[in-house]
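Trainee: Please find one structure pasted underneath; my questions will follow.
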Amino acid sequence: MNEEDHQPIAGPSTVEESLPMEVDNSNPTIKDHEAFAAKHMPDLGQEIEDFQVQTWRVSNWSTLSKRLSGADFACGGHKWRILIFPQGNANGQPNDMVSVYLDYANPKSSPEGWHACAQFALAISNPNDPSIFTVSHAHHRFVAEECDWGFTRFVDLRKLHSTQEGHARPTIEGDEVDVTAFVRVLKDPTGVLWHNFVNYDSKKFTGYVGLKNQGATCYMNSLLQSLFFTSYFRRAVYQIPTEDDTPSESVALALQRVFYHLQTSDQPVGTNELTRSFGWKSLDSFMQHDVQEFNRVLQDKLETKMKGTDAEGAIQRLFVGKMKSYIKCVNVDYESARSEDFYDIQLNVKGLKNLHESFKDYVAVETLDGENRYQAEGHGLQDARKGVIFESFPPVLHLQLKRFEYDIQRDTMVKLNDRHEFPYEIDLGQYLDENADRSRSHVYKLHGVLVHAGDLHGGHYFALIKPEKDGKWFKYDDDRVTPVTDKEVLEDNYGGEILTPANVNLPRNAARPAKRFINAYMLVYIREGDIDEVLKPFEEADTPSHLKKRLEEEKLQLESRKREKEDQHLYLSAKIITDDSFKKHQGFDLATFEDKNIPLSDLDTFRVLKTEPYKQFKQRVSQHYGYPESQFRLWVLVNRQNKTVRPDSPIEDMDQMQTMENIRNQMANRANDLRLYLDFEPDAEKSLQVNHNTHSMIFLKQFDLQGQTLTGAHKLYVNRNSKVGDLIPVIQRLMMWSPNTPIKLYEEIKPGMIEPMKFKNTFAISEIQDGDIICFQVDYHDREQEVANNSIANAPAFYEFLQNRILVRFQPKNGDSDPKAMFETILTRKMTYDMMATKVGEYLEHDPIKLRFTSPNGPNGAPKTIVKRALNQSVQDIVHSTYSAPVTMLYYEKLDISIVELETKKSLKVIWTGALNKEEGSFPFLLPKTTTIESLGEQIGKQVTMSDDGSKRIRFFEITNVGRRKPYDFSEHTMIGNIDDATDVYAEEVPVEELNMAEDETLISCFHFSKEPSRWHGIPFRFVLRPGEKFSQTKKRLQARTGATDKDFAKYRFALILTDTSGYKQPNYIEDHDEIHHHKFTSSHYLGIDHVDKTGRSNRSTMEKAIVIR
């Protein structure tokens, strides 16, 4: 609100909807300033710069003016005053409410860009009894645009005049009242406290810019900012040769471009080019993924690109550490150990208070004793200690806090919002192996915090980063960058419960707990001794010259287009219809300028400076078409009242010095652009002989009954006093038809009004004028229907078809790769379902009754609803054309049976995994609902190839939504009609060794996962364990069972995994000399195969699609 407008400004700080707080005569009173403020002004968690109280005695209340200001008072280096409206300040409201505001006293004389953050309480009290009062509180960022804030409906005026319950006197007494302001000016260390961010400039305020969000790419943006400010990494990315790459096809070049724009741009940077280089479609940008997984996939891709370049090994040097998994016997000198690289560390959060406890949990030692003793090679069963210890940490350490885990009781993933603290500095030396290199410090400094706000099903990511060694912290929230405090970096992201003020009537410290759904998800630490190198300031020479040159050229082009756009108001466009374009046109008028159902006419378009003289423009047209200026003239098309667009009048030679803007304004009814017809006449003398006072320029269209077309034919000048019938011999001569050819004539008045013409009337009586259109066709008399052969029989009917036509794209539902499988065709809205099916069937050469159509889902275009065949259903009912979708789409399926018979059948998709449990193919079936699983096996057995030495027996099974195989397979007697439509049915060839299992052999369920058991992928299977078999031998059978190559299998790790009510237990990784058969297995034990998912078809418990970068 400003001084001219005293209406409240809606915002989070106003409390207009809540009733003012009325307090009885208990302590504290208005006079007890500190105690009163403590009770009625809740602690906002901000440091107080100054606190002042101002009381204003207001006399002669009943005679006050509408608006009243108190004396100025100082607080926090700013001048304030109380502003009251005794009769209220709400437009259209009865004057029964008192309005009270805190007003910034001198906004116009304050420095540009000033602001003040104030918390305040306003109170009206009895001048003689300070225990009788009404009070309300608020807080606000005072700026020039919002220099007063308060309460429009502070208190009902009648309550001030009346004695309220529990009081001995009214608030207003002796026509006097005290108005008091309690003001705390709060410190704003970041400069953005309570900022509304309208017109906020990140670059100007912080020196940095953000990244645009494509829909759900905040997770990617937060990681990219972290990597960008890891200067060592940015330099390595810049070292990848990309001179000859295309940005949309090269991940390295696209990432270089993003980094360069982050360095140089003043505006938020887009990432569309980068995601296109990933091979992602627009829908992928609306799917949120896991930050850590995205990081690993991106790093893998970049490592491949860096091979053989100056950047080779940079990612290893920067992010890769080593850890050792070991089992050490207690009573004998034997240890089994294996070292492996890690790019990040996943730390438990549940039940752990802080980062140190998480590390201790990670390296915690498990004792193997009793029934769980370890089989040590050469020593038999032994008590042992099992664990993991770090051998080295990398310069840049990525720590993922396991905020998401599987809840087995609910059979789903959940987010943990438990409190978990992390420090600015941590010494990790105690978690290193005793033989590790300790010549250097292992103190790490916090550099970045990636935060997740929300729950499992949705949320938002942002990053808190300290770009410079001794610099400030900033929040990178998509396209906005803001400074942050230490509290915002640490405390606000620990998770757990937050204490929020419960009620100002309670003691100041009274609070209620509330869940904090914003917490740290990934931490980035840099080793103290490596910070100078990792965060080394960027220099001009660090940016590749080819990249700089390329992007600077693009910047100049962009600026040129921007200037062109800015100058657009100086130009208009002129679309030109020629005789050639008219003859190609099939539709109403001479061309299609506006139609949401069919493509617009492709006309030559000229960009014309509004001040350009017509003479100059005509010269340009002459040069473009190669016509001498003397042989053509241009007619201006106008919008007629009947919604048609027709030539109205020619631009005369006397207008040659007029500007194009004047011509448009005078002749085109101030249309935005010009639409012109080029009237070309090679015989200039003939053109001059036409008397435009007695003749009209008309256009002829021909309806070809046999060809089922309506196209432009000719342009003519006709004498208005001649008869319509005189056109017949002219048309016969122009079309080179026999003089005896009967012809019908129609006038195209407007869509929906195509009238037959009377031959005996003159053109004047028929009201024919310049630009009118006459359609002709051969008159077949009684043979019309026979000739038409079930097509459109005459011109009026064809015009009706044009009026109702709609362009529909048909696409195969099952993804046929044949380019001809997707096609577009013109239909009419009045067509029935069967007529539409017939037309599609003709194109596809398929029986129309065996076609099934599916409508798409609006937001993403995926198949959604099967279109039911109905007698009275029209195409209009089926497609529901919208203004935003000029091309309507339907999916189709070519069936082997009619859609009538289909209702008695069950459509089922079987995923064949063969003998190696790999998805080899998907086979659709349409079978009677009474078909049994046994019969289904016979059907699929005819379509798949069994292994030569296999069992030739097929088994059907189902996978749970957490990647495990259901314990019971489908029974041979199960009817497919009883299988839920949403169920994916899998089929495999039963392994021979399973059929031939010995009594002492054990069957265990196996599944594939990546790093965490909850991140499963691939097809789960069962596997036979043999007694006395070393795992090195078991692995050979596992490789044969899975069909993995030696190269891939070498990277596989194997673990025994136990599930209980809390989810998956930590995987116990298996060594080659282990024997796992003797382990006491239960149905809760699984054999997990840990390896990267390369299929991109990961099925995880969160139903999240795996990240793939091509």
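The values are calculated or read from the model by the stated rules, or taken from the named source; none is laboratory data. Keep in mind that what you see is a predicted model, and the values were worked out from it rather than measured. Here Cβ is always computed from backbone atoms with ideal geometry, including for glycine, and neighbour counts include all displayed protein chains. Quick note on the areas: whole protein, heavy atoms, side chains included, nothing else; ligands and nucleic acids left out. Shrake-Rupley method; radii C 1.70, N 1.55, O 1.52, S 1.80 Å.
Trainee: Those residues that are modelled with pLDDT of 90 or more and in a loop (DSSP other than H, G, I, E, B), I need them from the stretch 202-232; list them, please.
Mentor: GLY207, TYR208, VAL209, GLY210, LYS212, PHE229, THR230
Trainee: Restricting to the stretch 221-237, count the residues that are under 18 Å from LYS307 (Cβ atoms) and open to solvent by less than 10 Å² (accessible area, probe 1.4 Å).
Mentor: Selection size over the stretch 221-237: 3.
Trainee: So, one more: Just give me the residues in the stretch 738-757 being outside any strand (DSSP E or B) and either of a type outside the set (Ser, Thr, Tyr) or more than 20 Å from ASP726 (Cα to Cα) (or both), in sequence order.
Mentor: Answer for the stretch 738-757, where residues must be outside any strand (DSSP E or B) and either of a type outside the set (Ser, Thr, Tyr) or more than 20 Å from ASP726 (Cα to Cα) (or both): PRO739, ASN740, PRO742, PRO751, GLY752, MET757.
Trainee: Looking at the stretch 438-481, which of its residues are at negative phi, surrounded by 18 or more Cβ atoms within 10 Å (Cβ to Cβ), in a loop (DSSP other than H, G, I, E, B) and not hydrophobic (A, V, I, L, M, F, W, C)?
Mentor: Listed by number, the residues that qualify are HIS442, LYS466, PRO467.
Trainee: I need the full set of residues from the stretch 999-1051 which are of a type in the set (A, V, I, L, M), open to solvent by 40 Å² or more (accessible area, probe 1.4 Å) and touching a residue at least 12 places away in the same chain (Cβ under 8 Å), in order please.
Mentor: LEU1003
Trainee: Quick one: LYS575 ticks every box in (1) basic (Lys, Arg); (2) surrounded by 15 or more Cβ atoms within 10 Å (Cβ to Cβ); (3) more than 30 Å from ILE774 (Cβ to Cβ) bar one, so which box is it?
Mentor: Going through the list (1) basic (Lys, Arg); (2) surrounded by 15 or more Cβ atoms within 10 Å (Cβ to Cβ); (3) more than 30 Å from ILE774 (Cβ to Cβ), LYS575 breaks only (3).
Trainee: Kindly evaluate SER69 against the criterion of being touching a residue at least 12 places away in the same chain (Cβ under 8 Å) and surrounded by 23 or more Cβ atoms within 10 Å (Cβ to Cβ).
Mentor: no
Trainee: Now for a different question. Which residues, counting only those in the stretch 248-263, are among the polar types (S, T, N, Q) and at pLDDT 90 or above?
Mentor: Within the stretch 248-263, GLN256, GLN263 qualify.
Trainee: Let me ask something else. List pairs: first residue in the stretch 635-663 and closer than 18 Å to LEU590 by Cβ, second residue part of a helix (DSSP H, G or I) and aromatic (Phe, Trp, Tyr) anywhere in the structure, Cβ distance under 9 angstrom, at least six positions apart or on different chains.
Mentor: As it stands, the answer is ILE651/TYR614, since those pairs meet every condition given.
Trainee: Further question: If I ask for residues that are among the aliphatic types (A, V, I, L, M) and either part of a strand (DSSP E or B) or at pLDDT 85 or above (or both), which ones from the stretch 972-999 would you list?
Mentor: Once the filter is applied, which keeps residues that are among the aliphatic types (A, V, I, L, M) and either part of a strand (DSSP E or B) or at pLDDT 85 or above (or both), the stretch 972-999 yields MET975, ILE976, ILE979, VAL985, ALA987, VAL990, VAL992, LEU995, MET997, ALA998.
Trainee: Check ASP969 against each of (1) in a loop (DSSP other than H, G, I, E, B); (2) over 40 Å from the mean Cα position of the chain (by Cα) and name the one condition it does not meet.
Mentor: Every listed condition holds for ASP969 apart from (2).
Trainee: Within the stretch 995-1023, work out how many residues are more than 36 Å from the chain's Cα centre (by Cα) and farther than 20 Å from GLU919 by Cα.
Mentor: So the count comes out to 10.
Trainee: Looking at PHE759, PHE763, can you tell me which residue is surrounded by fewer than 18 Cβ atoms within 10 Å (Cβ to Cβ) and of a type in the set (Phe, Trp, Tyr)?
Mentor: Sole residue among the options that is surrounded by fewer than 18 Cβ atoms within 10 Å (Cβ to Cβ) and of a type in the set (Phe, Trp, Tyr): PHE759.
Trainee: Moving to a separate point now. Any residue that is farther than 25 Å from ASN691 by Cα, open to solvent by less than 20 Å² (accessible area, probe 1.4 Å), in a helix (DSSP H, G or I) and in the same structural domain as LEU590 (by the TED database) - is there at least one of those in the stretch 623-634?
Mentor: Checking the stretch 623-634: not a single residue is farther than 25 Å from ASN691 by Cα, open to solvent by less than 20 Å² (accessible area, probe 1.4 Å), in a helix (DSSP H, G or I) and in the same structural domain as LEU590 (by the TED database).
Trainee: Return the total of residues in the stretch 238-273 being part of a helix (DSSP H, G or I), open to solvent by 20 Å² or more (accessible area, probe 1.4 Å) and either among the β-branched types (Val, Ile, Thr) or not assigned by the TED database to the domain that holds HIS289 (or both).
Mentor: 1
Trainee: What number of residues in the stretch 424-437 are surrounded by fewer than 17 Cβ atoms within 10 Å (Cβ to Cβ) and within 20 Å of LYS466 (Cβ to Cβ)?
Mentor: Of the residues in that region, 3 qualify.
Trainee: VAL962 - would you say it is surrounded by 20 or more Cβ atoms within 10 Å (Cβ to Cβ), within 35 Å of the chain's Cα centre (by Cα) and modelled with pLDDT under 90?
Mentor: Judged against the criteria, VAL962 is a match.
Here is a yes/no grid of residues against (1) in the same structural domain as GLN225 (by the TED database); (2) among the acidic types (Asp, Glu); (3) under 30 Å from PHE228 (Cα atoms); (4) not in a loop (DSSP other than H, G, I, E, B):
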{"site": "ALA541", "(1), (2), (3), (4)": "no, no, yes, yes"}
{"site": "LEU551", "(1), (2), (3), (4)": "no, no, yes, yes"}
{"site": "LYS555", "(1), (2), (3), (4)": "no, no, yes, yes"}
{"site": "LYS562", "(1), (2), (3), (4)": "no, no, yes, yes"}
{"site": "PRO599", "(1), (2), (3), (4)": "no, no, no, no"}
{"site": "ASP602", "(1), (2), (3), (4)": "no, yes, no, no"}
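Trainee: Is it the case, given these coordinates, that LYS79 is open to solvent by 30 Å² or more (accessible area, probe 1.4 Å), farther than 24 Å from VAL143 by Cα and either touching a Phe, Trp or Tyr at 6+ places or on another chain (Cβ under 9 Å) or not in a strand (DSSP E or B) (or both)?
Mentor: Spelling it out, it is not the case that LYS79 is open to solvent by 30 Å² or more (accessible area, probe 1.4 Å), farther than 24 Å from VAL143 by Cα and either touching a Phe, Trp or Tyr at 6+ places or on another chain (Cβ under 9 Å) or not in a strand (DSSP E or B) (or both).
Trainee: Looking only at the stretch 491-531, filter to residues that are at pLDDT 90 or above and open to solvent by 30 Å² or more (accessible area, probe 1.4 Å); which one of those is nearest to TYR200 (Cα to Cα)?
Mentor: ASP492
Trainee: Considering each residue of the stretch 888-927, count those that are open to solvent by 80 Å² or more (accessible area, probe 1.4 Å) and either within 34 Å of the chain's Cα centre (by Cα) or closer than 30 Å to ASP595 by Cα (or both), and give that number.
Mentor: 6
Trainee: Here is a check on your reading of the model: is MET654 among the hydrophobic types (A, V, I, L, M, F, W, C) and out of contact with any Phe, Trp or Tyr (no Cβ under 9 Å at 6 or more places or on another chain)?
Mentor: When the stated conditions are applied, MET654 passes them.
One line per residue, one yes/no per condition, for (1) over 30 Å from THR960 (Cβ atoms); (2) in contact with a helix residue (DSSP H, G or I) (Cβ under 7 Å, 6 or more places away or on another chain):
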| position | (1), (2) |
| --- | --- |
| GLN375 | yes, no |
| GLY387 | yes, no |
| PHE404 | no, no |
| PRO423 | yes, yes |
| LEU450 | yes, yes |
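Trainee: Those residues that are in contact (Cβ under 8 Å) with a residue 40 or more places away in the chain and surrounded by fewer than 17 Cβ atoms within 10 Å (Cβ to Cβ), I need them from the stretch 818-834; list them, please.
Mentor: GLU824, ILE826, LYS830
Trainee: Got a sec? Which of GLY707, GLY725 is open to solvent by less than 30 Å² (accessible area, probe 1.4 Å), of a type outside the set (D, E, K, R), outside any strand (DSSP E or B) and over 20 Å from LEU637 (Cα atoms)?
Mentor: Only one candidate passes the filter, namely GLY725.
Trainee: Looking at (1) at pLDDT 90 or above; (2) in a loop (DSSP other than H, G, I, E, B), can you tell me which one GLN586 breaks?
Mentor: GLN586 satisfies every listed condition except (1).
Trainee: Which one is surrounded by the most Cβ atoms within 10 Å (Cβ to Cβ), of the residues in the stretch 729-750 that are in contact (Cβ under 8 Å) with a residue 12 or more places away in the chain and touching a Ser or Thr at 6+ places or on another chain (Cβ under 9 Å)?
Mentor: GLU748
Trainee: Within the stretch 1055-1086, track down each residue that is in contact with a helix residue (DSSP H, G or I) (Cβ under 9 Å, 6 or more places away or on another chain), modelled with pLDDT of 80 or more and open to solvent by 30 Å² or more (accessible area, probe 1.4 Å).
Mentor: Passing the criteria: ASP1072, GLU1075, HIS1077.
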